1. Can you list the aspartates and glutamates whose alpha carbon is less than 14 Å from that of K95, not counting same-chain residues fewer than 8 positions off?
2. Is there a quick way to get the dipole size of region 86-186? I mean about its Cα centre, with the Cβ of Lys and Arg at +1 and of Asp and Glu at -1; what is the value in debye to the nearest 20?
3. Which entries in K25/K304; K42/K99; K32/K157; K117/K206; K142/K206 show an alpha-carbon gap greater than 28 Å?
4. Using Cβ counts within 10 Å as a stand-in for footprinting exposure, how do D153, D280 rank, fewest first?
5. List, largest first, the extents of the alpha carbons of the chain along their principal axes, each in whole Å.
6. Once you sort the root eigenvalues of the Cα gyration tensor of region 50-165 as a ≥ b ≥ c, which label holds: rounded (a/c under 1.5), prolate (a/b larger than b/c) or oblate (the other case)?
7. Enumerate the calculated ³J(HN,Hα) couplings along region 279-284 in order (Karplus 6.51 cos²θ - 1.76 cosθ + 1.60, θ = phi - 60°), each rounded to whole Hz, writing x wherever the residue is Gly or Pro.
8. Taking R0 as 25 Å, what FRET efficiency do you get between H288 and S240 from their Cβ-Cβ distance, rounded to the nearest 0.05?
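Each value in this text was obtained by applying a stated rule to the coordinates, not by laboratory testing. The model shown is predicted, which means the values in this text are computed figures rather than measured ones. Please note: Cβ atoms are built from the backbone with ideal geometry, for glycine as well, and neighbour counts cover all protein chains shown.
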Amino acid sequence: MPTTKKPATASDAKALEPWQWPEEKWRGIVNKIRAGRSLKPKVWPNGARCAVALSFDSDHETTTLRFGDTSPGRLSAGEYGARVGVPRILALLAKYDIKATFFVPAVTALLHPDEQKRVIAAGHEIGIHSWIHEFNSTLPPKDERELQMRAADVLEKTTGVRPVGIRTPSWDFSTETLAITREMGLLYDSSLMADDEPYELLEDGKPTGIVELPVEWIRDDAPYFMMERMGSSRPYTPPSGVFDIFKREFDGAYASGGLYLLTMHPHITGHSSRIRILEDLIQHIRGHAGIWFARHDEVAHYCKREAGM
């Protein structure tokens, strides 16, 4: 008597191509981490029309070290961020009396502790940004948890301030990252891209109380200026073109009364032709009425409070 082939089950899914997955498999993957309710407030503090959150990922030497690369040449390109980039950025922020957020790998903090103390002393925020800029999705869950917690401890020991937010390195967010962030009691994450505006993160369909301050590659300096001597990555957009993109993104946020969040790297934006982009952008933004320049933690606290969370 002929036998009837059983339908594929979730246990078989690993051996199947994605187009063969049963619905429970792909639906479970999609629903693991999702965007929940919007946390965009009806109005920003003091009646401001637009919130502007500038952020700087102080990767420095870690983007080389994470690959086990020992090249002095590549390491020197990261060192530029600490030696030149951060001082230029801090001077520019002080010039316009703007507070910002710096996301710092623990190894960066250990290599440049005085830099982190200077950032905090100037009134800026420091957030978690990995141990050594490792890729979260390649780590066993126990290792990801241990590194994230150890990184927070190093930042607190270095600066005297316990971080309340996280940005995953290269925005590489594993299926375990949110659970670790919740366990740590963090206020916000800034690694995901489901919206222009702040939103609450859901895990397995349930609200987490974690505020997401969404990022986007469009609003990041790295895609436009990264250079790989032995690879195919070459800068292709002139500073004027990057300024135009960043400006248009702000104009859209201002028109909608929303959040404008920009990501930059000291070893990239710190160069003379590029720090000018940031200054021109600040001048453009300041030419508009109703602007609230804020650190990421300030934005997250405000959105959460306005939402009654």
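1. E279, D280
2. Once rounded to the nearest 20, the dipole reads 360 debye.
3. From the list (K25/K304; K42/K99; K32/K157; K117/K206; K142/K206), the Cα-Cα distance tops 28 Å for K25/K304; K32/K157; K117/K206.
4. Listing D153, D280 from fewest to most nearby Cβ atoms yields D153, D280.
5. Over the chain, Cα extents along the principal axes are 83, 50, 40 Å.
6. oblate
7. Whole-Hz 3J(HN,Hα) from phi for region 279-284: 5, 4, 5, 4, 4, 4.
8. Taking R0 as 25 Å, the efficiency between H288 and S240 is 0.75.
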